[in-house]
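Participant: Mind looking over this structure? Questions follow.
The values are calculated or read from the model by the stated rules, or taken from the named source; none is laboratory data. Remember, it's a predicted structure, so these values are computed and weren't measured experimentally. A quick note on method: Cβ atoms are made from the backbone with ideal geometry, for glycine too, and the neighbour counts reach across all protein chains shown.
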Amino acid sequence: MLIGGEWVAASTGETLVTSDPGTGRVLADVPLGSAEDVDRAVREARQAFATWRRTAPLERAAILWRIADLLEKHADELALLETLDTGKPLSHSRGYDLTSAINEFRYMSGLAARVNGQLSPLSTMPGGVFHSYTRLEPLGVIGAIVPWNFPLANAAWKIAPALACGNTVVVKPSEETPLTTLRAAELMLEAGLPAGAVSVVTGDGSTGRALVRHPDVNKITFTGSTSTGQEIARVAAENMTRVSLELGGKSPNVIFADADIEAAILGAVAGGFWDSGEVCSAGSRLYVERPVLDRVLEGLRKTTEAMPIGHGLEPDTAIGPLISARHLGRVAGYVDEGRAEGIEVAFGGETLEREGHFYRPTALLGATPESKVLNEEIFGPVLTVVPFDDTAEVIAAANASTYGLAAGVWTSDIAKAHHFTENVEAGVVWVNTYGVVDPALPWGGLKKSGWGRENGEQALHEFTEAKAVCMQVGSL
Ligand code: NAD
């Protein structure tokens with residue numbers, strides 16, 4: 001792993017294995033970072049912070065831009081690594097993950113010199129002449145903890161804004177997918193980032209826990225499951241470490257009968273099955289207005305049947321494997337439990353008899369509001385399809401969730417679209433599209449989907465502390 005600009009093994013000498021989900025075969029041994037390794041990375045980050053926070057904003061911007069250039073230059077190599085480690089199709093790794101990471105560094109490069117406070121005229125001190133303003137100051141050392149589904153992209157969403165604001169970062173990638181983050185961090189140093197400004201400590205939950213507990217970490221920015229996020233929030237409270245949390249979801253995707261149905265079907269397929277449904281914002285609850293239910297189901301079946309399932313490196317693959325045998329068992333378990341409850345499997349509902357961890361795209365019909373498959377995040381290629389009859393009913397159903405990350409709506413009625421976007425409880429809403437993300441658009445959820453926002457100018461507030469300065473400069 002990369003700590004303070006040096007490749008090091010874990011202090012304990014322990015390792016863990018990362019494997020190819022498309023074959024189940026071992027790819028590499030990586031260090032299992034200990035609390036001592038985390039401590040070393042935090043100390044290096046603290047030291048680097050002293051200079052990085054004072055580096056001229058435009059110089060920081062130039063380095064971030066150079067990082068984007070180097071990621072782009074090595075995009076094919078990084079996409080290959082990402083596909084080997086996550087199993088996702090190479091076209092997704094190159095077309096989405098790498099593009100997202102590169103764009104994030106470019107966008108945040110543009111913001112690095114615009115981390116501005118504001119002048120605030122006072123009302124409470126008549127007779128005095130005051131100059132009052134806020135400074136947005138970097139927080140210090142950021143601990144970034146990342147999941148396995150978008151390893152490099154999610155790391156970039158944290159590293160780029162943190163650095164733009166003058167912070168330094170210790171990244172803890174997922175134990176399942178550490179490879180691209182390690183390589184990208186090496187490229188960041190090549191781009192001119194001071195050693196220690198970004199360290200990567202590989203490891204598992206115990207490594208993440210050591211980072212959260214560390215008293216000299218100013219903020220934890222976490223993406224992952226809701227249960228881990230809740231534990232992090234509890235542990236972080238001890239030191240009052242700042243926390244932002246991008247957690248799970250069970251997002252509603254709503255198709256009204258007046259929509260462009262063919263487009264909506266493609267959107268529902270993307271929402272449900274992109275990256276095998278291992279997407280936090282997957283539109284896994286698909287609400288369909290009753291008159292078009294049969295047409296939508298038939299369209300879903302036909303479209304998914306035509307999507308080749310295979311190893312991420314096979315050129316035609318549209319659906320890759322799930323991340324691990326354990327996760328495959330979990331996904332299949334949800335569907336089996338639904339079946340036992342009397343829920344109809346409209347299509348799919350089976351594992352593939354081949355090496356690797358493959359599950360067929362699946363649609364379930366007949367779930368009740370209490371069904372687990374309608375309420376819990378399955379994180380696999382499983383759509384729970386629910387018919388509805390009117391707008392008020394579907395908005396109430398969409399909001400009847402403990403999550404609130406994303407939502408989609410398909411309609412040709414602009415009034416209905418506005419009514420839905422205004423009333424749905426979600427951090428991100430897509431109208432007549434699904435799954436578009438961009439560094440300019442804030443990203444994050446309500447309810448158990450988390451705290452805070454990544455991306456957009458909001459990200460600057462996640463990585464700075466406002467200091468209010470009130471200066472009396474005279475009296476009238
Ligand atoms: P996870 O919570 O199991 O692990 C995420 C990361 O946290 C890993 O690096 C893991 O090693 C680390 N970790 C585990 N226990 C920890 C602890 N106690 N303290 C500190 N760190 C710990 O999640 P996962 O299975 O890797 O990822 C899937 C989840 O991530 C899904 O729930 C998905 O919805 C969510 N996700 C959310 C977003 C979003 O933007 N909202 C994006 C991608 C994924």
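Participant: Quickly run through the range 401-445 and pick out the residues that are within 30 Å of ALA112 (Cα to Cα), in contact (Cβ under 8 Å) with a residue 40 or more places away in the chain and among the aliphatic types (A, V, I, L, M).
Facilitator: Selection gives LEU405, ALA406, ALA426, VAL428, VAL437, ALA440.
Participant: Then there's this: Do you know which of the residues in the range 139-152 that are surrounded by 24 or more Cβ atoms within 10 Å (Cβ to Cβ) and touching a Lys or Arg at 6+ places or on another chain (Cβ under 6 Å) is farthest from ALA112 (Cα to Cα)?
Facilitator: ILE145
Participant: Among what's in the range 120-153 and is of a type in the set (A, V, I, L, M) and modelled with pLDDT under 95, pick the residue that is farthest from TRP65 (Cα to Cα). Please lay out each step first, then the result.
Facilitator: Looking only at the range 120-153, we keep the residues that are of a type in the set (A, V, I, L, M), and these are 122, 125, 129, 136, 139, 141-142, 144-146, 152-153.
Narrowing the set further to residues that are modelled with pLDDT under 95 leaves 122, 125, 129.
Working: LEU122: 39, MET125: 45, VAL129: 42 Å.
Within the range 120-153, the match that is farthest from TRP65 (Cα to Cα) is MET125.
Participant: Still on this structure, I have one more. Taking the range 169-180, which residues are within 12 Å of VAL30 (Cα to Cα) and touching a helix residue (DSSP H, G or I) at 6+ places or on another chain (Cβ under 7 Å)?
Facilitator: If the condition is that a residue be within 12 Å of VAL30 (Cα to Cα) and touching a helix residue (DSSP H, G or I) at 6+ places or on another chain (Cβ under 7 Å), then PRO173, SER174, THR177, LEU179 are the ones that fit.
Participant: Considering only the range 260-288, state which residues are crowded, with 24+ Cβ neighbours inside 10 Å and either polar (S, T, N, Q) or in a loop (DSSP other than H, G, I, E, B) (or both).
Facilitator: Result: SER276, GLU278, CYS280, SER281, ALA282, GLY283, SER284.
Participant: Can you find, within the range 153-209, the residue that is surrounded by the fewest Cβ atoms within 10 Å (Cβ to Cβ) among those that are outside any loop (DSSP other than H, G, I, E, B), among the hydroxyl-bearing types (Ser, Thr, Tyr) and within 16 Å of the ligand (Cβ to nearest atom)?
Facilitator: Of all residues in the range 153-209, those outside any loop (DSSP other than H, G, I, E, B) come to 153-164, 168-172, 179-190, 198-200, 205-209.
Those still in the list that are among the hydroxyl-bearing types (Ser, Thr, Tyr) too: 168, 180-181, 199, 206-207.
Now narrow it down to the ones that are within 16 Å of the ligand (Cβ to nearest atom): 180-181, 199, 206-207.
On the way: THR180: 29, THR181: 31, SER199: 30, SER206: 13, THR207: 24.
The qualifying residue surrounded by the fewest Cβ atoms within 10 Å (Cβ to Cβ) is SER206.
Participant: Has the range 312-326 got at least one residue that is modelled with pLDDT under 95, within 13 Å of PRO21 (Cβ to Cβ) and charged (D, E, K, R)?
Facilitator: no
Participant: What pairs can you find where one residue is in the range 278-307 and farther than 29 Å from GLY224 by Cα, the other is more than 16 Å from the ligand (Cβ to nearest atom) and assigned to a loop (DSSP other than H, G, I, E, B), and their Cβ atoms are less than 7 Å apart, with a gap of 6+ or different chains?
Facilitator: Hits for this filter: GLU289/PHE256; GLU289/ALA257; ARG290/ASP389; PRO291/ALA257; VAL292/ALA257.
Participant: I need the full set of residues from the range 326-344 which are away from the ligand (no atom under 16 Å from the Cβ) and assigned to a helix (DSSP H, G or I), in order please. Please lay out each step first, then the result.
Facilitator: Filtering the range 326-344 for residues away from the ligand (no atom under 16 Å from the Cβ) gives 332, 335-344.
Once the filter is applied, which keeps residues that are away from the ligand (no atom under 16 Å from the Cβ) and assigned to a helix (DSSP H, G or I), the range 326-344 yields ALA332, VAL335, ASP336, GLU337, GLY338, ARG339, ALA340.
Participant: Now for a separate question. Would you confirm whether any residue within the range 213-226 is assigned to a helix (DSSP H, G or I) and not aliphatic (A, V, I, L, M)? Show your work before the answer.
Facilitator: Filtering the range 213-226 for residues assigned to a helix (DSSP H, G or I) gives 213, 226.
Imposing the further condition that a residue be not aliphatic (A, V, I, L, M) reduces the set to 213, 226.
The answer is yes; a qualifying residue exists.
Rundown of residues vs (1) among the small types (Gly, Ala, Ser); (2) within 23 Å of the chain's Cα centre (by Cα), yes/no style:
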site	(1), (2)
THR421	no, yes
GLU425	no, yes
TYR434	no, yes
PRO439	no, yes
TRP443	no, yes
GLU454	no, yes
HIS461	no, yes
ALA468	yes, no
GLN472	no, no
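Participant: Restricting to the range 220-266, count the residues that are within 8 Å of the ligand (Cβ to nearest atom) and among the aromatic types (Phe, Trp, Tyr).
Facilitator: 1
Participant: Evaluate the following for ALA164: is it under 23 Å from GLU72 (Cβ atoms) and touching an Asp or Glu at 6+ places or on another chain (Cβ under 6 Å)?
Facilitator: Working: under 23 Å from GLU72 (Cβ atoms): yes; touching an Asp or Glu at 6+ places or on another chain (Cβ under 6 Å): no.
Answer is no for this residue.
Participant: Would the range 418-426 turn up any residue that is within 12 Å of the ligand (Cβ to nearest atom) and out of contact with any Gly (no Cβ under 8 Å at 6 or more places or on another chain)? Full working, then the answer.
Facilitator: Initial filter on the range 418-426 (within 12 Å of the ligand (Cβ to nearest atom)): 426.
Subsequent filtering for residues that are out of contact with any Gly (no Cβ under 8 Å at 6 or more places or on another chain) retains none.
So far as the range 418-426 goes, no, none of its residues is within 12 Å of the ligand (Cβ to nearest atom) and out of contact with any Gly (no Cβ under 8 Å at 6 or more places or on another chain).
Participant: Oh, and also: Being under 28 Å from GLY299 (Cα atoms), modelled with pLDDT of 95 or more and either touching an Asp or Glu at 6+ places or on another chain (Cβ under 9 Å) or among the polar types (S, T, N, Q) (or both): is that true of ASN253 here? Even if it seems obvious, please write down each step before you answer.
Facilitator: Working: under 28 Å from GLY299 (Cα atoms): yes; modelled with pLDDT of 95 or more: yes; either touching an Asp or Glu at 6+ places or on another chain (Cβ under 9 Å) or among the polar types (S, T, N, Q) (or both): yes.
Judged against the criteria, ASN253 is a match.
Participant: Now for a separate question. Pairs, please: C-beta under 9 Å, at least 6 apart or cross-chain, first residue under 20 Å from HIS461 (Cα atoms) and in the range 212-236, second more than 7 Å from the ligand (Cβ to nearest atom) and hydroxyl-bearing (Ser, Thr, Tyr)?
Facilitator: From residues that are under 20 Å from HIS461 (Cα atoms), the pairs are VAL217/THR241; ASN218/THR241; LYS219/THR241; LYS219/SER244; ILE220/THR241; ILE220/SER244; THR221/SER244; PHE222/SER244.
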